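The structure appears below as structure tokens.
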């Protein structure tokens, strides 16, 4: 039986809702390399290609040999906590509100020292630990030391829970419950202990199997929502916008046409209407309300999830117009991320490859099952990432994209994936 | 073999109906008919004001809540009604409120022009901008099938039913609208209105023989319904598929669908005003349909 977290006591309505504060967010351009890796759930440090030195903090050149041939390489994070302290005073508003806070210096086996937040499971220094790069509420990489053995959740630690968007106890809007992916995500959220899930239903006259089963879940409420209809989005935002902690946009219009396999622009317009304008409508209606509740502890607004596609990175020409609509949504999600980051809200983008559903029927395996995609989505919320590339195809594409985007464009354009 | 024969006989039927139609049109324009004076027209307005005649709105409100036709998802889709605000007395336009609206030609209460169907694609005056203006006002015969439709969502109007109606109300006049009253428009829940299940839509409509009878024997102006489509929900499986579209439009006749308030019309005697938007080469259009009805 899925476990539901105990509901926090209702807040006192005569007290001001707290406003969000953020940890210091400035980073040099080179230091953003830490964030770029952390956004994908990776702890990476600079390594010198000439002398092999691992380097921290990030710099433009190698501190050992002055070479500028530095690359970012994933690290296992193993090391020793050599000393620790508990912060009891701070000038920064963010820390002032959260003191006391335990931090320590870790000597990585790779040879560098860094300061890390200490997970509650970490014993007294000195001891062995593992360092992970997590995203803090400002969206920047921060180091967290966890016990070397086992894989404790960040959300097990009351302070580090803020680095996650754990769905346990949260109120969540899933914008479309009529797709197999939307339904799988609802099931996964229930398993993860979500307190309440609103499930959007467009075109109620088109009955889709599976929705009735969700309707019967005690956590779930099926509500009318059509992201192509501004009035529908506004109305729902008016009704529940002030309650939503996490918005998961599963609305997706996927037709499988290249430029020339469908005459006219009607289908492409519908793809844009759901995938791009739908996100824009949701953003205009819900984002301000989420921002207003970003520090509404203990049950605050915390995250926004977009179900994009790996074809947003490079156009998969057999699904050319769909890819374009997802690229547009990807671009808009970056604008949304920039706006929400100021309030400490995280925007998580999921970039799946072909999904094992009716629209990717003719795609060759491997295909991502809706359940796997749902698991990846919930894992992303429980973790501390911004960008998720679930499944083999997505992993392959993103690796090729990071390596050489132009080469990927050419490969994708030839229908190869 | 049988299908081919059917197709041949259908073709013959269509050309015969076309000939008949042109004759009717000539009759319509015949000279020597009494010309109403301005006073006659003013008398109509006076009667409307004093209750000698009244108007009945037969139009559903255009809104995003009104469901559009459902087709398999890989097919081209008719856009539902959508409205996006341009400005509302704000920084986008300080003193004025207005919207951009979008919708398929066949949205809400709408008119089907003959070109809508492949059988009517080569007829003259078959588009919304070319249908004769003289057809915008026409008498209505209202066939009350509400009892049957209540019992059976797949109820089909038959020739026998029309003939029974004629026994009571007289012959269906040429160039009149035949409106099939089912009270379907009273289903305000869109799910009940669509009435879809795993075998498709279940809504009442005419059977193929009934449509041929109205076209060939009665030379009607068109056929109107309260449902989404002039054809029955299951008409995709009829022979020919969608007979009301096939025969009516093939003979230059029109369709009206998603009508309402047909229960407020007399069986005969009402005049229908139905003028589609003048869309160049349009296949149909949402429109305001109303009836002029004698008496209070």
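No value in this document is a laboratory result; all are computed from the given coordinates. Remember, it's a predicted structure, so these values are computed and weren't measured experimentally. Neighbour counts are summed over all protein chains in view; Cβ atoms, including those assigned to glycine, are modelled from backbone coordinates with ideal geometry.
Taking every residue in B:194-207, how many Cβ atoms of other protein chains lie within 10 Å of its Cβ, on average?
For this peptide, the per-residue mean of nearby foreign Cβ atoms is 1.
What per residue convex hull volume, in Å³, comes out for chain A when only alpha-carbon positions are used?
Per residue, the Cα convex hull of chain A comes to 155 Å³.
Could you put A:156, A:360 in order, starting from the residue whose Cβ has the fewest other Cβ atoms within 10 Å?
A:156, A:360
Restricting to Cα pairs below 8 Å that are 6+ residues apart, what does the relative contact order work out to for the range B:159-276? Please round to a whole percent.
Numbers: 173 pairs, mean separation 35.0, N = 118.
30 percent.
Helix A:370-382 sits at what angle to the longest principal axis of chain A, using alpha carbons and giving 0 to 90 degrees rounded to 10?
It is inclined by approximately 40 degrees.
Please report A:135, B:196, B:179 as a ranked list, fewest other C-beta atoms within 10 angstrom at the top and most at the bottom.
Arranged by neighbour count, lowest to highest, A:135, B:196, B:179 become B:196, A:135, B:179.
Using alpha carbons only, how many degrees (0 to 90, rounded to 10) separate the axis of helix A:180-191 from the longest principal axis of chain A?
The answer is roughly 50 degrees.
For the range A:193-235, take N as its residue count and report Rg(C-alpha) divided by 2.2 N^0.38 Å. Walk me through the intermediate numbers first.
Numbers: Rg = 11.4 Å, N = 43, 2.2 N^0.38 = 9.2 Å.
Normalised by 2.2 N^0.38 Å, the Cα Rg of the range A:193-235 equals 1.24.
Would you tell me the mean number of C-beta atoms belonging to other protein chains that fall within 10 Å of each C-beta in B:67-76, as a whole number?
Other-chain Cβ atoms within 10 Å of each residue's Cβ, averaged: 3.
Put a dot 7 Å past each Cα toward the Cβ at residue B:239 and residue B:197; how far apart are the dots in nm?
In this crude label model, residue B:197 to residue B:239 measures out at 2.5 nm.
In which sequence would A:401, B:245, B:125 go, from the one with the fewest C-beta neighbours within 10 Å to the one with the most? Could you put the intermediate results ahead of the total?
Working: A:401 18, B:245 25, B:125 14.
Result, fewest neighbours first: B:125, A:401, B:245.
Packing-wise, with mean Cβ within 10 Å as the measure, how do A:274-282, B:81-89 rank, highest first?
Descending mean neighbour count gives A:274-282, B:81-89.
Restricting to Cα pairs below 8 Å that are 6+ residues apart, what does the relative contact order work out to for the range B:143-202? Please round to a whole percent.
Here the relative contact order equals 43 percent.
In Å, the Kirkwood hydrodynamic radius of the protein assembly as shown over pairs of distinct alpha carbons? Display every interim value, and only then the final one.
Working: mean 1/r = 0.0335 Å⁻¹.
Kirkwood hydrodynamic radius for the protein assembly as shown: 29.9 Å.
If you fit an axis through the alpha-carbon atoms of helix A:320-341 and take the longest principal axis of the Cα set of chain A, what angle between them do you get, 0 to 90°, nearest 10?
Taking Cα atoms only, the helix is inclined about 50 degrees.
For chain A, what is the calculated [θ] at 222 nm in deg cm²/dmol (nearest 500), taking -39500 (n - 2.57) for each run of four or more DSSP H residues and dividing by its residue count?
That calculation yields -8500 deg cm²/dmol at 222 nm.
Under the definition of partner shielding as Cβ atoms of other protein chains within 10 Å of a residue Cβ, what is the mean value for peptide A:199-211? Can you show the working numbers first?
Numbers: counts 0, 0, 0, 0, 7, 5, 12, 6, 5, 0, 1, 0, 0.
If you average over the peptide's residues, the count of other-chain Cβ atoms is 3.
Using only the Cα atoms of the range A:32-163, build the gyration tensor, take square roots of its eigenvalues as a ≥ b ≥ c, and label the shape rounded, prolate or oblate: rounded if a/c is under 1.5, else prolate if a/b is larger than b/c, else oblate.
prolate
If I take every Cα pair under 8 Å that is 6 or more residues apart in chain B, average their sequence separation and divide by the length, what percent do I get for the relative contact order?
The normalised contact order for chain B reaches 27 percent.
Going highest first, how would you order A:390-398, B:233-241, B:153-161 by mean Cβ packing within 10 Å?
A:390-398, B:153-161, B:233-241
Taking the Cα-to-Cβ direction at residue B:71 and at residue A:235 and moving 7 Å from each Cα, how far apart do the two end points lie in nm?
In this crude label model, residue B:71 to residue A:235 measures out at 2.6 nm.
Which of the three applies to the range B:166-278, rounded, prolate or oblate, going by the alpha-carbon gyration tensor with a ≥ b ≥ c and a/c under 1.5 meaning rounded?
Here the range B:166-278 falls in the oblate category.
Determine the principal axes of the Cα atoms in the range A:274-417, then give the extent along each, sorted from largest to smallest and rounded to whole angstroms.
Computed over the range A:274-417, the largest-to-smallest principal extents equal 48, 31, 26 Å.
What order, most packed first, do the peptides A:20-29, A:226-235 have when packing is the mean number of other Cβ atoms within 10 Å of each residue?
Per-residue mean Cβ counts within 10 Å order the peptides as A:226-235, A:20-29.
Across 10 Å bins from the origin, how do the percents of Cα pairs in the range A:347-417 run, short distances first?
Bin by bin from 0 Å, the calculated values are 20, 46, 30, 4.
Compute the length gained on full extension between residue B:46 and residue B:100: take 0.36 nm times their separation in residues and subtract their Cα-Cα distance, giving the result in nm to one decimal. Write out the running numbers ahead of the final one.
Numbers: separation 54, 0.36 × 54 = 19.44 nm, distance 3.70 nm.
Extending this stretch completely gives an extra 15.7 nm.
Among rounded, prolate and oblate, which fits the range B:40-171 when a ≥ b ≥ c are the square roots of the eigenvalues of its C-alpha gyration tensor, a/c under 1.5 means rounded, and a/b larger than b/c means prolate?
oblate
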